[in-house]
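**Student:** Pasting a structure below so you can have a look.
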Amino acid sequence: MADPMKIRATMQGDTAEIRVLVNHPMETGQRKDAKTGELVPAHFIQTLTATLGDKTVLDSQIGTSVSRNPVFGFKVKGAKAGDKVTITWKDNKGDTRTDETTIA
Amino acid sequence: MRTASMMIKTLLPLALMGAVTAYAADQGHDPALERKAIEMMKRDFHDRGIAKVDRINQDALQASCTKYDNNPPHEGPDGLDKLEKEQLAAIKWPADGKFLGDWKAGEKLAQSGRGMTWSDKAGSDNGGNCYNCHQLAPKELSFGTIGPSLYHYGKTRGNTAEIQKYTYGKIFNAKAYNLCTNMPRFGHFGILTEQQIKDLVALLLDPESPVNK
Amino acid sequence: MDQSRRVLLKGAGAGGALAAFIAAGVLKPTQVLAAEWNKGAFESKDPEGAMKGLGVSGAADSKEVTIKAPDIAENGAVVPVEVESKVPNTQQISIVIEKNPTPLAASFDFSNGAQPSVAVRLKMGQTSNIKVIAKADGKFYTTSKEVKVTIGGCGG
Amino acid sequence: MKFKLQAAAALFALPLALTALAQQSITDKDAKDATIQEIERYREMLADGNPAELYEARGEELWKTKRGPKNASLEKCDLGLGAGVVKGAYAQMPRYFADVDKVQDLESRLLTCMETLQGYKAEEFTKQPFGSEDNKSDLEALTAYVVTQSKGVTMNAPMKHPKEKEAYEIGKRIFFYRAGPYDFACATCHAENGRRIRLQDLPNLTTHNGAKLGYGTWPAYRVSQGEFRTMQWRMNDCYRQQRFPEPGFGSDTVTALLTYLAATAAGAPYQGPGIKR
């Protein structure tokens, strides 16, 4: 199973700043294995969504050009300390993971 | 010939300054500790791929440079004069007497930092590692500064037969001109072939090379 | 076409309609799993195809769209960028790396108070322009910036 | 923009004979400074958001989980400040441990704890100590956890026990030892100020300031590899680039080198884990 994300959410004025670290290889499918010389199959996150409380705030589609162990940062206006932030990603192999935190 | 020796005279002090400064730390020589360090290394390193344990053994030059903090005395059996002379005598000059290859092949070599590590395969092509330490063609922004900038190397020195020979010799065995320089002995240890060294000489001296534009 | 497929799938929802598409060979089951993902745009091998897949047309250069990135990246495996749109009602920002084998890197939809601004880290195979496209009220606004990718380390 | 400025400067500069030369040197200097500035900007932008945190989280989990033949956690592991004390422990390593009667760095010490507390055999971990995507390294994760607990703590490896002093002295000599087909020593790249390989600064590890910057920001997440890398890895890969054979994982040679570096950095706050190219 996929390892947990690290989510940091803090208030700056009336805006929540959210930063997400994701554990994922983000394989492009074009890299050759150093030992076998064979192409490593593509394995990458395709969608990542963020909800604040029960409302979707960010709906991302991503491709193989996003870095391994990706980092995302975004801002939500009108949030407040104590609000719940939930992040969910899904990858091309159907693997998925959801983690949450509350805004500090 | 005169130009070549002048070159050496002007280059040497510069190179030496670089090599000596920070090294002359308060090492305080203690043969017992030095022996212990070498014994420890011989115990702790193991063969991996093409990198065998015998690489830990120093040749006379490496031993002298380590022993004297890269600043050996002129005299003596492990002194600068004797060792430099030996290194110079061991340079294999091209049989055809030509020093200038293809600068385009030289630029490719200069870019490559591969070769001789345990992750390199036996018989694979070694690079020249030049940009790791030197500025060369101005287009390449990613260059190191362990060695001096070689931008306009040929433009400032001229593409004479003497300079060509000196440049070939310097790449073949930099230690023949400056015993404890940081620069590897590319020909001496078979890191680069005669043709590859010629290509690098061309990169440095050919008026058409981007180094001299 | 891919854009319309996405809309179609969203509209069709679950169940019968999808099964019919699969049976008809229009869609493979794997595509259904990633139905939300804009396959056509992401798998396009050139920036034009990526833009077409995103449904971008008539994008105007705009100073309201900004991209913050270093001019020179120390390593192409991780290039940090921050993109932002000040165009009112921006709903979506997409990032296209022109010289990557598949140029579309990401597309973000903002809603419910999310600011049209995102920081992300990208892979770049070589020195390239990074193009940012913002969508607001059905119109497209764009800017771009070149990032040079350097060779680093001992190279061995 | 810059080109226009230079062109304008050239137009107004007199006498013309000198202009070409002057312009050349200005261009070089500008280009160099601009490159360095942008690389610094790149590093700044990476600083917030270090995936090392992901390894740290996994390491903390591993530290607290009962595992191995003895089904025990590592929570009783003595890293030098007493059994179970993790906070600040890395900042005082390498150090002498009486139970094994030798100086150990963090990773060697972790192996000892995994053997004595959990009943593992060290070889299970040292066979492939450096992780990759399909072969995650427990040692790397544990290291990430322990070093993070020393963030901001003043580095102060003890130099009291005779074996600590000897490790320092031997490490220093190993640092300057030139050998191999390239005639390299650690000192070839790391004994002068202000040098770099390609665009990567080379800290002068023989000085306090250099060791503070170099030693004090490792272990680190390496973006070029997408992995968290430890000091054992750092020494190993330096020796690879030095064209040496491979040093044993956790060997006395590596411990001696790390003792030399830690002592040189002593007094400065530990700023790792870093994020590097």
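The values are calculated or read from the model by the stated rules, or taken from the named source; none is laboratory data. Please read all numbers here as calculations on a predicted model, not as lab measurements. We place every Cβ from the backbone using ideal geometry, glycine too, and count neighbours over all the protein chains shown. The area values use the complete protein model at the heavy-atom level, side chains included, leaving out ligands, DNA and RNA. Shrake-Rupley method; radii C 1.70, N 1.55, O 1.52, S 1.80 Å.
**Student:** Among the listed pairs C:K68/C:K139; C:K39/D:K151; A:K75/D:K276, give every one whose C-alpha distance is greater than 32 Å.
**Tutor:** C:K39/D:K151
**Student:** Between D:D183, D:D252, D:D237, find the one with the highest GNM mean-square fluctuation for chain D; connect C-alpha pairs within less than 10 Å.
**Tutor:** Fluctuation is largest for D:D183.
**Student:** Give the list, by residue number, of cysteines in the protein assembly as shown with no other Cys Cβ closer than 4.7 Å, or say none.
**Tutor:** B:C130, B:C133, C:C154, D:C186, D:C189, D:C238
**Student:** Taking all pairs of distinct Cα atoms, average 1/r, flip it, and tell me the Kirkwood hydrodynamic radius of chain B in Å to one decimal place.
**Tutor:** It is 18.5 Å.
**Student:** Where the centre of each part is set by its Cα atoms, how far does segment B:136-213 sit from segment B:49-121, in angstrom?
**Tutor:** That distance is 14 Å.
**Student:** State, in square angstrom and to the nearest 100, the accessible area buried between chains D and B, both chains counted, probe radius 1.4 Å.
**Tutor:** 4900
**Student:** Quick check for me: using +1 on Lys/Arg Cβ and -1 on Asp/Glu Cβ, what's the dipole size of the protein assembly as shown about its Cα centre, in debye to the nearest 20?
**Tutor:** Here the protein assembly as shown has a charge dipole of around 640 debye.
**Student:** What is the set of long-range amide H partners of C:Q115 at a cut-off below 5 Å, with H atoms built 1.01 Å from backbone N?
**Tutor:** A:K75, A:V76, A:K77
**Student:** Let me check against my output: what whole-number percent is the relative contact order of segment B:75-134, with C-alpha pairs under 8 Å and at least 6 apart?
**Tutor:** Worked out over segment B:75-134, it gives 25 percent.
**Student:** Below 8 Å between Cα atoms, with a sequence gap of 6+, how large is the relative contact order for chain A in percent?
**Tutor:** Relative contact order here is 33 percent.
**Student:** Using a Debye calculation, one point per C-alpha and no hydration shell, please list log10 I(q)/I(0) for chain D at q = 0.14, 0.17 Å⁻¹ in order.
**Tutor:** -0.99, -1.41
**Student:** Could you work out which residue, out of D:K70, D:K151, D:K172, moves most in a Gaussian network model of chain D, that is, has the largest mean-square fluctuation with Cα springs under 10 Å?
**Tutor:** Answer for the Gaussian network model of chain D: D:K70.
**Student:** Take every residue in peptide D:43-52, count the Cβ atoms of other chains within 10 Å of its Cβ, and give the average of those counts.
**Tutor:** Counting Cβ atoms of other protein chains within 10 Å of each residue's Cβ and averaging gives 6.
**Student:** Compare A:D33, A:D91, A:D83 in a GNM of chain A, Cα atoms joined below 10 Å, and give the one with the largest fluctuation.
**Tutor:** Result for chain A, Cα springs under 10 Å: A:D33 fluctuates most.
**Student:** Further, regarding this structure: Mind listing the phi-derived Karplus ³J(HN,Hα) values for segment B:84-95, rounded to whole Hz, using 6.51, -1.76 and 1.60 with θ = phi - 60°, and x for any glycine or proline?
**Tutor:** Those phi angles translate into 4, 4, 4, 5, 5, 5, 8, 5, 9, 7, x, 5 Hz.
**Student:** How do the peptides D:154-162, B:142-150, B:110-118 rank, highest first, by the average count of neighbouring beta carbon atoms within 10 Å per residue?
**Tutor:** In decreasing order of mean packing, D:154-162, B:142-150, B:110-118 become B:110-118, B:142-150, D:154-162.
**Student:** Restricting everything to alpha-carbon atoms, can you work out Rg to Rh for segment A:6-102 with a Kirkwood hydrodynamic radius?
**Tutor:** Rounded to two decimals, Rg/Rh equals 1.08.
**Student:** Next up: Can you tell me the FRET efficiency between D:K64 and D:H161 if r is taken as the Cβ-Cβ distance and R0 is 25 Å, rounded to the nearest 0.05?
**Tutor:** Once the sixth-power term is evaluated, E becomes 0.25.
**Student:** Between D:E124 and B:H29, how many nm apart are label points set 7 Å from Cα along the C-beta direction?
**Tutor:** 5.0
**Student:** Another question, if that's okay. Taking all protein chains in place and a 1.4 Å probe, what share, in percent, of the accessible surface of the protein assembly as shown do carbon and sulfur account for?
**Tutor:** Reported share for carbon and sulfur atoms: 55 percent.
**Student:** Amide H neighbours of D:F184 under 5 Å, counting only residues 5+ apart in sequence or on other chains, H built in-plane at 1.01 Å?
**Tutor:** Amide H neighbours of D:F184: D:A179.
**Student:** Based on alpha-carbon centroids, what's the gap between segment D:109-133 and segment C:71-112 in Å, whole number please?
**Tutor:** If we compute the Cα centre of each part, the gap is 41 Å.
**Student:** Right, here's the next one. What is the mean number of Cβ atoms from other protein chains located within 10 Å of the Cβ atom of each residue in peptide D:131-137, rounded to a whole number?
**Tutor:** 2
**Student:** What does the buried accessible surface come to for A and C, summed over both chains, with the probe at 1.4 Å? Round to 100 Å².
**Tutor:** Counting protein atoms only, the buried area is about 2400 Å².
**Student:** Taking θ as phi - 60°, what are the ³J(HN,Hα) couplings along segment B:60-71 by the Karplus curve (6.51, -1.76, 1.60), each to the nearest whole Hz, with x for Gly and Pro?
**Tutor:** Values per residue, Gly and Pro as x: 4, 5, 4, 5, 5, 5, 5, 4, 9, 6, 6, 9 Hz.
**Student:** Still on this model: Aspartates and glutamates within cross-link reach of D:K102: Cα-Cα under 18 Å, excluding same-chain residues under 8 positions apart?
**Tutor:** Answer for D:K102, where 18 Å is the Cα cut-off: B:E39, B:D44, D:D78, D:E115, D:E164, D:E166, D:E169, D:D252, listed by chain and number.
**Student:** Turning to a different aspect of this structure: Using θ = phi - 60° and the Karplus curve 6.51 cos²θ - 1.76 cosθ + 1.60, what whole-Hz ³J(HN,Hα) does each residue of segment B:107-112 get, with Gly and Pro shown as x?
**Tutor:** 4, 4, 4, 4, 6, 7
**Student:** Would you compute the Debye intensity of segment C:44-151 from its alpha-carbon atoms alone, equal scatterers and no solvent, and pass along log10 I(q)/I(0) at q = 0.14 Å⁻¹ to two decimals?
**Tutor:** Calculated log10 I(q)/I(0) at the listed q: -0.50.
**Student:** Would you calculate a helix-derived [θ] at 222 nm for chain D, using -39,500 (n - 2.57) for each DSSP H run of n ≥ 4 and dividing by the full residue count, to the nearest 500?
**Tutor:** Estimated from H runs of four or more residues: -15000 deg cm²/dmol.
**Student:** Under a 1.4 Å probe, what is the accessible area of chain D per residue, stated in Å²?
**Tutor:** 41
**Student:** Report, for segment D:120-233, the % of DSSP beta bridges that are antiparallel, rounded to 5.
**Tutor:** Percentage antiparallel, nearest 5: 100.
**Student:** Quick one: if you take sqrt(5λ) for each eigenvalue of the C-alpha gyration tensor of the protein assembly as shown, what semi-axes come out, biggest first, whole angstrom?
**Tutor:** Three semi-axes, in Å: 48, 36, 23.
**Student:** Could you tell me the accessible area of D:E164 in Å² (1.4 Å probe, neighbours in place), rounded to the nearest ten?
**Tutor:** 10
**Student:** A further question follows. Amide H of D:C77 versus every other amide H placed in the peptide plane: which residues, excluding those fewer than 5 positions away on the same chain, fall under 5 Å?
**Tutor:** Placed amide hydrogens put D:G84 under 5 Å from D:C77.
**Student:** Could you work out the relative contact order of chain D? I mean the mean sequence separation of Cα pairs under 8 Å and 6+ apart, divided by the number of residues, in percent.
**Tutor:** Relative contact order for chain D comes out at 21 percent.
**Student:** Distance check, please: which entries in B:K108/B:K213; C:K45/C:K145; B:K82/B:K121; A:K93/C:K123 exceed 25 angstrom between their Cα atoms?
**Tutor:** B:K82/B:K121
**Student:** Could you run the numbers on buried accessible area between C and D, total for both chains, 1.4 angstrom probe, in Å² to the nearest 100?
**Tutor:** Buried area (both sides, nearest 100 Å²): 1900 Å².
**Student:** Count, for each residue of A:25-36, the Cβ atoms from other chains sitting within 10 Å of its Cβ, then give me the mean as a whole number.
**Tutor:** So the per-residue partner count for this stretch is 2.
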